[in-house]
Amino acid sequence: MLILILCDIGNSTYHFLINGKDKRYLLDEELPKFDDEIYFVSVNDKGSKKLIKSNPQAKNIEKLMKFETEYKGLGIDRALACYFEKNCVVVDAGSAITVDIMDEKHSGGFILPGCRAYMNTYPKISKKLNFDFDININLDKIPLQTKDAISYAMMKSIILPIKEVSKNRKIIFTGGDGELFSKYFENSIYKKDLIFKNMKRIIDANNCIA
């Protein structure tokens, strides 16, 4: 019996959902050949070509999507995360943190560096600023040591812009660090598999299952 395989191709990995289970491959790893139907979303042209070469039956879900926005150059991954949402803010906290405002349609958004990008920046300024990120940093207290100052500044620089644009809107978090940031907002919800769930809804709506 054939199953439906979903794939999210990012800047560094292939993220597959196969029978409800996650499987990841680095972009330079050899991909398996599947007999099953595959739908993928991709922000990486090279990664897309590699998937199609090993699995010619793979289909780009972008061809099934109609997403209304005046934003120039919106990534397909951002459009997919926002696809079924209204009157909310959608935050995808991965290697970059994308913030998109959804009213009746997409109203715009912005991009922040992800946690790892922030942490990699400080040692480039000075070797004395090479510290691990403290996820338990107290944001209600001004830091009194450098390692806390870095974590504090990083978290505040991400949280405050999101609070400013969200106002009274619901905030939907997804992505690897989405659960972490969702805890700092009262009106938030964390959806781990938002991308894959929206892909499945689009496929079902278009009656694409063979």
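The values are calculated or read from the model by the stated rules, or taken from the named source; none is laboratory data. Treat the numbers as computed from the prediction; the structure is a model and nothing was measured. Note: ideal-geometry Cβ built from the backbone for every residue, glycine included; neighbour counts use all protein chains shown. Side chains included, ligands, DNA and RNA excluded: accessible areas come from the protein's heavy atoms. Shrake-Rupley method; radii C 1.70, N 1.55, O 1.52, S 1.80 Å.
Numerical summary
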item	result
DSSP bridge pairs, the stretch 64-210: antiparallel proportion in percent, nearest 5	60
GluC sites (Glu not before Pro) within the stretch 18-47, DSSP loop, no more than 15 other Cβ atoms inside 10 Å	29, 30
Average accessible surface area per residue within the chain, 1.4 Å rolling probe, Å²	59
Label-point separation, residue 145 to residue 160 (7 Å along Cα→Cβ), nm	2.4
Helix 115-125 axis, angle to the chain major axis (alpha carbon atoms, nearest 10°)	50
Diffusion coefficient, µm² s⁻¹, Stokes-Einstein with Kirkwood Rh over alpha-carbon pairs of the stretch 61-127 at 4 °C and 1.567 mPa s	98
Pairs beyond 29 Å (Cα-Cα), from 23/124; 50/105; 21/156; 127/167; 23/191	23/124; 50/105; 21/156; 127/167
In degrees, nearest ten, helix 194-205 long axis to first principal axis of the chain (Cα)	30
Residue-span extension gain [residue 95 to residue 116] - 0.36 nm each, minus C-alpha spacing	6.9 nm
Apportionment of accessible area to carbon and sulfur, the chain, percent (1.4 Å)	50
Value at 222 nm in deg cm²/dmol, rounded to 500, when DSSP H runs of n ≥ 4 in the chain each add -39,500 (n - 2.57)	-9500 deg cm²/dmol
q = 0.08, 0.09, 0.14, 0.18 Å⁻¹: log10 I(q)/I(0) that the Debye formula gives for the chain, counting C-alpha atoms only	-0.32, -0.41, -0.91, -1.27
Karplus (6.51, -1.76, 1.60) ³J(HN,Hα), θ = phi - 60°, over the stretch 68-80, in Hz, Gly and Pro reported as x	8, 6, 9, 5, 8, x, 5, x, 5, 5, 5, 4, 5
Probe 1.4 Å, all protein chains present, accessible-area order of 103, 140, 36, largest first	140, 103, 36
Chymotrypsin sites (Phe, Trp or Tyr not before Pro) within the stretch 81-127: DSSP coil, no more than 15 neighbouring Cβ in 10 Å	84
The stretch 64-210: relative contact order as a whole-number percent, Cα under 8 Å and 6+ apart	24
Computed magnitude of the charge dipole of the chain (debye, nearest 20; Cβ of K, R +1, Cβ of D, E -1)	280
